[in-house]
Amino acid sequence: MSLPGSEETKVLQANPTPGERIEGLDVWRVALMLGGLLLHGSLWQPPQPLFTVVGLVSSAFRMGCFFALSGLLCGMALRRRTLREWLVRRLVQIGLPMSFGWGVLCPSVLMLARWYPHAPVPLMFDWHHIWFLVALLMYAPATVALYRLDDRRGLIGNFATMVAAGSPAQLLLRLALASFVLMVWTRFLVYLIAPKPLVPMLGQAPNISGYLPLYLFGLAMARSPILGDTLWRSVRPATTILAVVGALYTAVMLTAPMSPQTYQMHGLLRMVAAALCPPAAFALIYRSAIAMSKVHPLIKKLCDASLTIYLLHLPLLLALNAALAPLHWHPYIQFVVAIAMAGGLSYATHVCIVRQVPLLSLIVNGRTESWPRLMRFRLSMLRART
């Protein structure tokens, strides 16, 4: 299928040769991840209309798009490395920050939540914001399986042929249906199998399974220009889907506001939106990322520090909100101040401490580039002892 000259050039740019990198994809991945600061900042405030909107928008597409972009970026990285090299690097990049989050940050959040009045009752165990790292780690074996199946049986090529035979709208709806089925099935299994006290602690399990198709689609895009071309042409159905979901949200919020009686209906609506919106939003984000010709140096620095900021912001947000609570500011003012301070302190910690210490850079920010410095440091220590 041919495209107009300028659009065909951009589609070809979206499938770069090994070694090239589309910086716009990184920018969007980081923006989606750091959007969690807005969500988490709103969770610990008294109910306000703005915070309701933030929660609805975030749950509709933010993390689904993040995982689709992560899959695409992993697929592009696999053009430069073998599966084995990528897997070892991935286990370190994700596994160490995840262990740091679970071992240090989650207990800190649990302790802080006990003395902040607006924090929900803490669970014995909670994923908190670390769940996305668990998901990425669990997706790593699926990555290996998909690529091996593609090498042996041309799985991605067959899927791309099926997609090319249909319309862009069919692609978006198929991805949404796969996500929705996995979310519903996982939620059913959790309630069926898990002991009742553990059910609240497995709240993110449906998202982890439901976003797997989006991640795998991103991986497949890195190997198939047909998939990128189809996604590129899906602007109209993507815009329509997002507009319909937005109108549905508005209608439900106006006619049946959140209450104990409407809780289940709102939960179902959120799940439907979480399945429908990410493929559509990813199509628009994909075009936007390709259109970015230059990235400001400050944005690049934020990209480098993004994982540190995201890991550290949650306990900082909770501590800052607890400290600001006695001032009795308007919730919107406290929301803005707490987010600005938590984000600034997290970034300053990255620049002044994490980036300067190779071991912390590896554990907190997943920067495997710090390996050589860490090895040189250990070697110098050994030489000093001898």
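For the chain, what does the helix formula give at 222 nm: sum of -39500 (n - 2.57) over DSSP H segments with n ≥ 4, over the residue count, nearest 500 deg cm²/dmol?
-24000 deg cm²/dmol
Please report the projected area of the range 33-110's Cα convex hull averaged over all directions, in nm².
Taking the Cα atoms of the range 33-110, their convex hull projects to 6.4 nm² on average.
Run the simple label-point estimate for H328 and T250 please: 7 Å along Cα→C-beta, distance reported in nm.
About 3.8 nm separates the two model spin labels.
Ordering D151, D26, D126, D304 by how much accessible area each has at a 1.4 Å probe, largest first, what is the list?
Details: D151 105, D26 20, D126 50, D304 75 Å².
Result, largest first: D151, D304, D126, D26.
Heavy-atom accessible area of M138 with all protein chains present, probe 1.4 Å, nearest 10 Å²?
Solvent-accessible area, nearest 10 Å²: 110 Å².
If contacts are Cα pairs under 8 angstrom and at least 6 residues apart, what is the relative contact order of the chain in percent?
Across the chain, relative contact order equals 30 percent.
As a test of the definition: which semi-axes, in Å, follow for the range 242-313 when you take the square root of five times each eigenvalue of its alpha carbon gyration tensor? Largest first, please.
Equivalent ellipsoid of the range 242-313: 34, 18, 10 Å, largest first.
Please compute the volume of the convex hull spanned by the alpha-carbon atoms of the range 279-359 and report it per residue in Å³.
Roughly 153 Å³ of hull volume per residue.
Ranked highest first by the average count of other Cβ atoms within 10 Å around their residues, in what order do 214-227, 185-198 fall?
Going by the mean number of other Cβ atoms within 10 Å, highest first, we get 214-227, 185-198.
Placing +1 at every Lys and Arg Cβ and -1 at every Asp and Glu Cβ, with all other atoms neutral, what dipole size does the range 100-257 have around its Cα centre, in debye to the nearest 20?
Values: 10 positive and 4 negative charges, 37 e Å.
The dipole magnitude comes to about 180 debye.
Given a 1.4 angstrom probe, what's the average accessible area per residue across the chain, in square angstrom?
Values: 19310 Å² over 386 residues.
It amounts to 50 Å² per residue over the chain.
Mind checking the alpha-carbon convex hull of the chain and giving the volume per residue in Å³?
Considering the Cα atoms of the chain, their hull volume per residue is 175 Å³.
So what J values fall out for the range 147-155 if you push phi through Karplus, 6.51 cos²θ - 1.76 cosθ + 1.60 with θ = phi - 60°, rounded to Hz, Gly and Pro as x?
5, 5, 5, 5, 5, 8, 10, x, 4
In the full protein assembly as shown, how much of L137 is accessible to a 1.4 Å probe, in Å² to the nearest 10?
L137 exposes around 40 Å² with every protein chain in place.
Taking just the alpha carbons, could you work out the radius of gyration and Dmax for the range 143-245, both in angstroms?
Considering the range 143-245 through its Cα atoms, Rg and Dmax are 16.3, 47 Å.
Ordered by residue, what ³J(HN,Hα) values in Hz, to whole numbers, does the range 313-327 give under the Karplus form 6.51 cos²θ - 1.76 cosθ + 1.60, where θ = phi - 60° and Gly and Pro are x?
Running phi through 6.51 cos²θ - 1.76 cosθ + 1.60 with θ = phi - 60° gives 5, 5, x, 5, 4, 5, 5, 5, 5, 5, 6, 7, 4, x, 6 Hz.
Read phi for every residue in the range 337-351 and hand back ³J(HN,Hα) as whole Hz from Karplus 6.51 cos²θ - 1.76 cosθ + 1.60, θ = phi - 60°, with x for Gly and Pro.
Whole-Hz 3J(HN,Hα) from phi for the range 337-351: 5, 5, 5, 4, 5, 5, x, x, 5, 5, 5, 4, 4, 4, 5.
Report Rg/Rh for the range 277-318, rounded to two decimals, where Rg is the Cα radius of gyration and Rh the Kirkwood radius.
A ratio of 1.13.
Take each of the peptides 333-340, 173-180, 296-303, 278-285, average the number of other beta-carbon atoms within 10 Å over its residues, and list them starting from the highest.
Numbers: 333-340: 17.9, 173-180: 19.6, 296-303: 13.0, 278-285: 25.8.
The densest-packed peptide leads the list: 278-285, 173-180, 333-340, 296-303.
First compute the accessible area of the chain with a 1.4 Å probe, then give the percent of it belonging to carbon and sulfur atoms.
That share works out to 68 percent.
Could you compute how much accessible surface E23 exposes when probed at 1.4 Å, giving the result in Å² to the nearest 10?
Near enough 80 Å² of accessible area.
Could you give the size of the charge dipole of the chain about its Cα centre, using +1 on the Cβ of each K and R and -1 on the Cβ of each D and E, expressed in debye and rounded to the nearest 20?
Details: 32 positive and 12 negative charges, 214 e Å.
So the dipole magnitude of the chain works out to roughly 1020 debye.
The values are calculated or read from the model by the stated rules, or taken from the named source; none is laboratory data. Since we're looking at a predicted model, the values are computed, not measured. Every residue, glycine as well, gets a Cβ built from its backbone with ideal geometry; the counts of neighbours run over all protein chains shown. These accessible areas exclude ligands, DNA and RNA; they are computed on the full protein's heavy atoms, side chains included. Shrake-Rupley method; radii C 1.70, N 1.55, O 1.52, S 1.80 Å.
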